[in-house]
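Student: The following block contains the structure, expressed as structure tokens.
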Amino acid sequence: MVNETRKEREYLYREQRILDIARPVILQEGYHALNMNRIAEQLEFSKGTVYNHFPCKEEIILALATQTLEQRTEMFQRAARFVGRSRERMQAIGVACELFARMFPEHFVIEQLVRIPSIWDKTTAARQQQLYRGETCCLTLVSGIVHEAVGAKDLSLPAGLVPEELVFGLWSMTFGAYSMLATNNNLPALGIVNGYEAVRAHLRHMLDGYGWRPLDSEHDYDEVVQQIMTRHFPNEAAQVFQNV
């Protein structure tokens, strides 16, 4: 049993080393610069050892996306434990989302890459399901808060709109915005001085537009954000904002 546990640790250690080598190659040089021979040479592994972990480089890219998605899921779970009204709890999700985007901007690059059919179709169903599970967990948490808001009469959705569709709108806006912040260096020239503040403002306007109470004009959400960071994300907030 002891030997088996050690083997498991060694296996996970080797896998993490492979991912640590692959991540900067993809981000700095692109998908085509990544290959199994290069990884084996840099790690001084046999090529067969690398293939024991990942049958192809596309599988490595999917593993990288899944790894950071697991971190986001854990942050969303912490955010969902914030005690307050439904909109304050949604604000907590927004804080988690922004901190994640600031800490892991490469996730948005890698996730867009892995969704390309020529890459996705080469990955295994097992790893695809890992990614789907992470997405489902995050979306279920957020949908639960929307359902809570409707039940508490803090929010009345327009006829025909279900909570999951509202969540899809929030997801689309934040993912698109954070992807642009991670990949577009021309935003300041376009007048976007602080993209993260712009996202925060748009989210508040969007939720106000749905009439989700308490409205921004009725509540000090800046104070709520400080409470969320202090209670649930002190380390992440210190890491992100120490040089800002």
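Student: Tally time: how many residues in the range 110-132 are outside any helix (DSSP H, G or I) and touching a Lys or Arg at 6+ places or on another chain (Cβ under 9 Å)?
Tutor: Restricting attention to the range 110-132, the residues satisfying the condition of being outside any helix (DSSP H, G or I) are 115-116, 121-124.
When the remaining residues are screened for being touching a Lys or Arg at 6+ places or on another chain (Cβ under 9 Å), the result is 122.
Total meeting the criteria: 1.
Student: Scan the range 165-190 for residues that are part of a helix (DSSP H, G or I), open to solvent by 70 Å² or more (accessible area, probe 1.4 Å), closer than 21 Å to PHE100 by Cβ and of a type outside the set (A, V, I, L, M, F, W, C) and jot them down. Let's see the steps before the verdict.
Tutor: We begin by selecting, within the range 165-190, every residue part of a helix (DSSP H, G or I); these are 165-183, 188-190.
Filter once more, keeping what is open to solvent by 70 Å² or more (accessible area, probe 1.4 Å): 165, 168, 171, 180, 183, 188-190.
With closer than 21 Å to PHE100 by Cβ added as a condition, the list becomes 168, 171, 180, 183.
If the condition is that a residue be part of a helix (DSSP H, G or I), open to solvent by 70 Å² or more (accessible area, probe 1.4 Å), closer than 21 Å to PHE100 by Cβ and of a type outside the set (A, V, I, L, M, F, W, C), then THR183 is the only one that fits.
Student: Exactly one condition in (1) modelled with pLDDT under 95; (2) surrounded by fewer than 14 Cβ atoms within 10 Å (Cβ to Cβ) is false for LEU161; which is it?
Tutor: With (1) modelled with pLDDT under 95; (2) surrounded by fewer than 14 Cβ atoms within 10 Å (Cβ to Cβ) applied to LEU161, the lone miss is (1).
Student: Can you find a residue that is free of Cβ contacts under 8 Å to residues at least 60 places away in the same chain, of a type in the set (Ser, Thr, Tyr) and over 24 Å from ARG81 (Cβ atoms) anywhere in the range 211-220?
Tutor: yes
Student: Would you confirm whether or not the range 39-53 contains a residue that is of a type in the set (A, V, I, L, M, F, W, C) and surrounded by fewer than 16 Cβ atoms within 10 Å (Cβ to Cβ)?
Tutor: First pass over the range 39-53, keeping only residues of a type in the set (A, V, I, L, M, F, W, C): 39-40, 43, 45, 50.
Checking the rest, the ones that are also surrounded by fewer than 16 Cβ atoms within 10 Å (Cβ to Cβ) come to 43.
Yes, the range 39-53 has at least one match.
Student: Further question: Would you pick out the residues in the range 208-229 that are part of a helix (DSSP H, G or I) and more than 13 Å from ALA79 (Cβ to Cβ)? Walk me through how you get there before you give the answer.
Tutor: Within the range 208-229, the first condition is being part of a helix (DSSP H, G or I), and the residues that meet it are 208-209, 216-218, 221-229.
Residues satisfying the conditions are ASP208, GLY209, ASP216, SER217, GLU218, TYR221, ASP222, GLU223, GLN226.
Student: Please find, among GLY48, GLY94, the residue that is modelled with pLDDT under 95 and either among the basic types (Lys, Arg) or part of a helix (DSSP H, G or I) (or both). Let's see the steps before the verdict.
Tutor: On the way: GLY94 fails: modelled with pLDDT under 95.
Just one listed residue meets the conditions, GLY48.
Student: Name the pairs: first residue in the range 124-150 and open to solvent by 10 Å² or more (accessible area, probe 1.4 Å), second residue at pLDDT 95 or above and outside any helix (DSSP H, G or I), Cβ to Cβ under 7 Å, at least 6 apart or on different chains?
Tutor: Correct list of pairs: VAL150/LEU157.
Student: On to the next question. Does THR66 fit the bill of being in contact (Cβ under 8 Å) with a residue 12 or more places away in the chain, among the polar types (S, T, N, Q) and over 23 Å from GLU236 (Cα atoms)? Give the steps one after another, and end with the answer.
Tutor: Working: in contact (Cβ under 8 Å) with a residue 12 or more places away in the chain: yes; among the polar types (S, T, N, Q): yes; over 23 Å from GLU236 (Cα atoms): no.
It is false that THR66 is in contact (Cβ under 8 Å) with a residue 12 or more places away in the chain, among the polar types (S, T, N, Q) and over 23 Å from GLU236 (Cα atoms).
Student: Can you pull out the residues in the range 58-84 that are part of a helix (DSSP H, G or I) and among the charged types (D, E, K, R)?
Tutor: GLU58, GLU59, GLU70, ARG72, GLU74, ARG78, listed by residue number.
Student: Going by the structure shown, is ARG81 touching a His at 6+ places or on another chain (Cβ under 8 Å), over 17 Å from ARG14 (Cβ atoms) and either surrounded by fewer than 19 Cβ atoms within 10 Å (Cβ to Cβ) or basic (Lys, Arg) (or both)? Walk me through it before giving the result.
Tutor: Working: touching a His at 6+ places or on another chain (Cβ under 8 Å): yes; over 17 Å from ARG14 (Cβ atoms): yes; either surrounded by fewer than 19 Cβ atoms within 10 Å (Cβ to Cβ) or basic (Lys, Arg) (or both): yes.
Here the answer is yes, as ARG81 does meet what is asked.
The values are calculated or read from the model by the stated rules, or taken from the named source; none is laboratory data. Values in this document were obtained by computation on a predicted structure and should not be read as measured data. With ideal geometry, Cβ positions are generated from the backbone for all residues, glycine too; neighbour counts draw on all protein chains shown. Protein only, heavy atoms only, side chains kept; ligands, DNA and RNA dropped before computing areas. Shrake-Rupley method; radii C 1.70, N 1.55, O 1.52, S 1.80 Å.
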